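The values are calculated or read from the model by the stated rules, or taken from the named source; none is laboratory data. This structure is a prediction, so every number in the text was calculated from the model and none was measured. With ideal geometry, Cβ positions are generated from the backbone for all residues, glycine too; neighbour counts draw on all protein chains shown. Side chains are part of the model used for accessible areas, which takes the heavy atoms of the whole protein and leaves out ligands, DNA and RNA. Shrake-Rupley method; radii C 1.70, N 1.55, O 1.52, S 1.80 Å.
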Amino acid sequence: MGTAARLRTGVTKLTVLATLVAATLTTTATASAAAPEPTAAACNGYVGLTFDDGPSGSTTRLLDTLRANGLRATMFNQGQYAAANPALVRAQVAAGMWVGNHSYTHPHLTRLSQSQIDSEISRTQQAIAGAGGGTPKLFRPPYGETNATVRSAAARHGLTEIIWHVDSQDWNGASTDAIVQAAARLTDGQIILMHDWSANTLAALPRIAQGLASRGLCAGMISPQTGRAVPPA
């Protein structure tokens, strides 16, 4: 076979190969486009994931990790930090989180006068609303310390006091494994305490998400009426 003939044969083979490749790609793309989106796992119950003490320098990473794992949470913000970091409060809302009141300076409220307690709560309501976080409906007293005076002050501001059912102990140096194990104790309607700034909690979130999904539990909102986790509104 002459040189010209060999060239013609080579070109023909390349043309056929290109046609086959194009056809394969087209078929794959069509099949991919036609494939239905995976449906969300059925939720047999809801739990409340809560993060205290933000917003902080860790908030952006926390929000990214929550969203990447399909989780929503309630962020109990300190008023002083909300006032100093309004963009982070807006980021919490934009990421689909709920924002709650965690006092202005994180004092031991049960040691304060009624007027001091009222100031801690009211200033936080104003700071969060002013930062674009809406008007909170939920209040968590620092350290979980409360009494009739604290509850009465919260109620005057239209707030429902929220404590927790499970303490992750992340504030006490709990390991990532221990935090995952704590979340595994959650049952339908229950709430877990975690913190915005904890690196171990951040590392635990993907495993927490997997553990909840394996038990048919989804991250929900906290009802101001019942104080328990319910389906997101």
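So how much slack lies between Arg185 and Ser113, counting 0.36 nm per residue of separation and subtracting their Cα-Cα distance, in nm?
In short, 22.2 nm is gained.
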Net dipole in debye of the range 159-233 [+1 Lys, Arg Cβ; -1 Asp, Glu Cβ; about Cα centre; nearest 20]: 240 debye
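Rank-order 69-76, 42-49, 226-233 by packing density, defined as the average count of other C-beta atoms within 10 Å over each peptide's residues, highest first.
Sorting 69-76, 42-49, 226-233 by mean packing, highest first, produces 69-76, 42-49, 226-233.
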Tell me the per residue accessible area of the range 190-233 using a 1.4 Å probe; a whole number in Å² is fine. 42 Å²
Stretched fully, the stretch from Asp167 through Thr60 gains (0.36 nm per residue minus C-alpha distance, one decimal, in nm) 36.2 nm
Along the Cα→Cβ direction, 7 angstrom out, place labels at Arg90 and Asn69. What is the inter-label distance in nm? 2.8 nm
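Considering only protein heavy atoms and a 1.4 Å probe, what is the carbon-and-sulfur percentage of the accessible area of the range 170-218?
Numbers: 1120 of 2100 Å².
After summing per-atom areas, the C and S share lands at 53 percent.
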When only C-alpha pairs under 8 Å and at least 6 residues apart count, what is the relative contact order of the range 66-111, in percent? 47 percent
Where Asp52, Asp177 fall by accessible area, highest first, once all protein chains stay in place (1.4 Å): Asp177, Asp52
